[in-house]
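Each value in this text was obtained by applying a stated rule to the coordinates, not by laboratory testing. Computed from a prediction, not measured in an experiment: that's the story for all the values here. With ideal geometry, Cβ positions are generated from the backbone for all residues, glycine too; neighbour counts draw on all protein chains shown.
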Number of protein chains: 2
Amino acid sequence: MAKEETLYGVGVGPGDPKLMTIRAGEVIRAADVLAYPVNGAGTSRARAIASALIPAGVTEMPIHIPMRSEREPARAAYDAAAQAISDHLKAGRSVAYLCVGDPLFYGSFMYLSARLKGAHKIEVIPGVASLSACAAQTLVPLAGRDDVLSVVPATLGEDELKSALAAADSMAIIKVGRHFAKVRAVLRALGLEGRATILESATGESERITTLDKFSDETIGEEGAHYFSTILVRRKELS
Amino acid sequence: MAKEETLYGVGVGPGDPKLMTIRAGEVIRAADVLAYPVNGAGTSRARAIASALIPAGVTEMPIHIPMRSEREPARAAYDAAAQAISDHLKAGRSVAYLCVGDPLFYGSFMYLSARLKGAHKIEVIPGVASLSACAAQTLVPLAGRDDVLSVVPATLGEDELKSALAAADSMAIIKVGRHFAKVRAVLRALGLEGRATILESATGESERITTLDKFSDETIGEEGAHYFSTILVRRKELS
């Protein structure tokens with residue numbers, strides 16, 4: 001019987017292939033199977049970032065997770081993907097699962113590792129988080145010294161948003177997309193609109209950076225601010 | 001007159017040199033001047049991580065920032081360092097300032113960039129944050145789906161700690177060190193001790209990972225848990 005192999009969760013960073021780590025490159029080049037999440041149209045940001053490193057002819061395993069509000073379809077898809085990965089590992093084939101940013105920071109890999117840890121050897125290659133890229137592009141510090149940083153998904157309700165932001169010195173609001181109007185209203189109510197910077201598609205081709213008080217609703221377009229938009233807020237200056 | 005050059009803030013990642021990005025390597029190899037923070041004894045973790053890439057004979061600029069509770073000595077040291085860096089840039093020499101982890105996530109670079117932006121071209125190369133390495137070592141997710149993540153320095157007072165943790169689903173308590181007893185008491189009071197994992201020196205040689213309820217005070221040693229210790233807490237399981 002073949003030796004059981006390792007599952008790697010590989011962070012490929014925020015978008016620029018040069019923001020991949022040396023270790024990520026090693027693992028991608030050596031893995032027997034490359035798995036990655038795909039959207040409904042079958043395309044994968046993670047695969048696109050790593051594409052120059054992917055050996056010709058390697059076995060690829062695109063994984064589609066339905067992203068609806070009901071969780072059951074997603075759970076069933078993770079179960080099936082975990083089973084398929086487990087079969088490869090038992091047959092002695094290493095599997096690298098590619099993740100945009102960092103695998104354990106708002107990624108899908110954690111749902112696979114929760115199902116497979118204990119049964120299989122797992123190694124996570126941490127990556128540069130998209131949030132760090134946002135900070136780099138704007139030169140807005142994520143957090144300094146004794147700052148409390150809150151990372152808050154814009155999907156929360158207005159009251160939850162307010163309480164999540166209440167105790168923080170620095171705030172990063174992610175997944176802004178169609179929640180833009182709600183987020184702006186909350187920041188305005190908290191007196192923080194003038195201290196907020198919005199980034200659309202950080203490090204992507206359509207990147208745009210604006211302070212929130214100069215950001216016109218008209219510039220958002222019909223679909224609302226891009227799904228990957230991020231708002232960074234600092235309550236006070238560095239001291 | 002020489003062409004003005006760029007200041008690079010370079011994240012060298014959490015400790016393993018293979019967790020540096022390709023772009024960080026390029027910048028370190030090409031810079032005219034390498035600057036980095038040093039501790040009171042004159043040693044630099046950031047330089048140690050990058051050491052294999054540092055060209056022989058490059059100009060080096062160790063920067064010591066006094067880390068006392070009064071801020072004035074630190075401010076004066078940042079002012080002097082910013083001036084020295086500015087002189088190099090004006091003379092046409094590029095400067096790379098090396099940072100452990102990510103430059104804008106609890107690093108010293110933000111105090112230099114705050115002084116120099118506007119006057120000089122600045123480029124930040126984001127890095128893998130130490131927190132991502134902690135998550136990778138433990139397989140404890142930092143945050144998933146609609147989780148609110150609070151990153152909280154253990155230096156805060158007990159009440160501030162409690163309110164910073166109150167609204168969060170996931171918590172990362174950093175700079176634990178001599179604040180260990182206070183942090184454990186707060187987590188115990190919040191009913192979260194059994195959901196906490198402590199890491200000492202993640203990815204370092206003396207790495208140790210324990211769930212907090214099994215972590216004996218005796219194992220901390222006279223100096224308290226290591227300064228770079230981190231506690232990760234998740235209020236609930238992934239769903």
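When the helix-only estimate is applied to chain B (DSSP H runs of n ≥ 4, each -39,500 (n - 2.57), divided by the residue count), what is the mean residue ellipticity at 222 nm, nearest 500 deg cm²/dmol? The partial results should precede the final answer.
Values: 7 runs with 70 residues, N = 239.
Value at 222 nm, helices only, nearest 500: -8500 deg cm²/dmol.
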**Item:** Overall form of chain A per C-alpha gyration tensor (a/c, 1.5; a/b vs b/c)
**Value:** prolate
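Give me the net charge of A:VAL128's neighbourhood, meaning all other residues with Cβ under 15 Å from the Cβ of A:VAL128; Lys, Arg count +1, Asp, Glu -1.
Details: positive: A:LYS18, A:ARG23, A:ARG45, B:LYS18, B:ARG23; negative: A:ASP16, A:ASP102, B:ASP16, B:GLU26, B:ASP102, B:GLU123.
Counting the neighbours of A:VAL128, the net charge comes to -1.
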**Request:** Provide a whole-number value for the mean count of partner chain Cβ atoms within 10 Å of the Cβ atoms in peptide A:98-107.
**Result:** 5
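B:ARG71 to B:ALA84: extension gain in nm, 0.36 nm per residue of separation minus the Cα-Cα distance? Each step should come with its number before you reach the end.
Details: separation 13, 0.36 × 13 = 4.68 nm, distance 2.02 nm.
Additional length available on full extension: 2.7 nm.
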**Message:** Over the Cα atoms of the protein assembly as shown, what radius of gyration and what Dmax do you get, in Å?
**Reply:** 21.9, 70
**Asked** What average number of partner chain Cβ atoms lie no more than 10 Å from the Cβ of the residues making up B:118-131?
**Response** 5
**Asked** If one computes P(r) from the Cα atoms of region B:136-177, what percent of pairs lie at distances over 15 Å?
**Response** 45 percent
**Packing-based order for A:89-95, A:51-57, A:101-107, using average beta carbon neighbours within 10 Å, highest first** = A:101-107, A:89-95, A:51-57
**Exam field: A:PRO55 pseudo-label spacings to other copies (7 Å along Cα-Cβ), nanometres** = 3.4
**Prompt:** For B:PRO62, what is the net charge nearby, where nearby means another residue's Cβ is under 14 Å from its Cβ and Lys, Arg count +1, Asp, Glu -1?
**Reply:** +1
